[in-house]
Amino acid sequence: MAMDGASSFPEADVDQALKPGQNKEFEVDRVSSDIATSKETQQERDKAARKREREKQDAMHKLKTTILVSAMIIAVAGAVFAVTKKLREK
């Protein structure tokens, strides 16, 4: 079995294999990069939408609480006036 130069494996770059942190030349997979970018933007949009919905719910909750407290105060004041009117009549 004879080994000629055309059919042999290419030489390995030992420095690149043993020290991957020093290798600054790498290719970015554009498809994966685009998918990751689109996922990040979608997550940001979803987060913003959830934040707006939460703020809207908080505002509705505050309004409902304010209305209920006001109704209770008016009911108590009406009861006080009714009781004082009955006491004056006697």
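Please treat every number below as a calculation from the coordinates, not as lab data. No experiment lies behind these values; they were computed from the predicted model shown.
Before moving on, here are some points about what is shown:
- Where the Cα pairs of the chain fall when distances are cut into 5 Å bins, in %: 2, 9, 6, 7, 6, 7, 7, 6, 6, 5, 5, 5, 4, 4, 4, 3, 3, 3, 2, 2, 1, 1, 1, 1, 0, 0
- For the chain, the longest principal axis of the C-alpha atoms and the axis of helix 30-89 are separated by about 10°.
- Between L18 and R54, residue separation times 0.36 nm minus the direct Cα-Cα distance comes to 7.8 nm.
- Calculated mean residue ellipticity, 222 nm, the chain: -26500 deg cm²/dmol, from DSSP H runs (n ≥ 4) at -39500 (n - 2.57) each, averaged per residue and rounded to 500.
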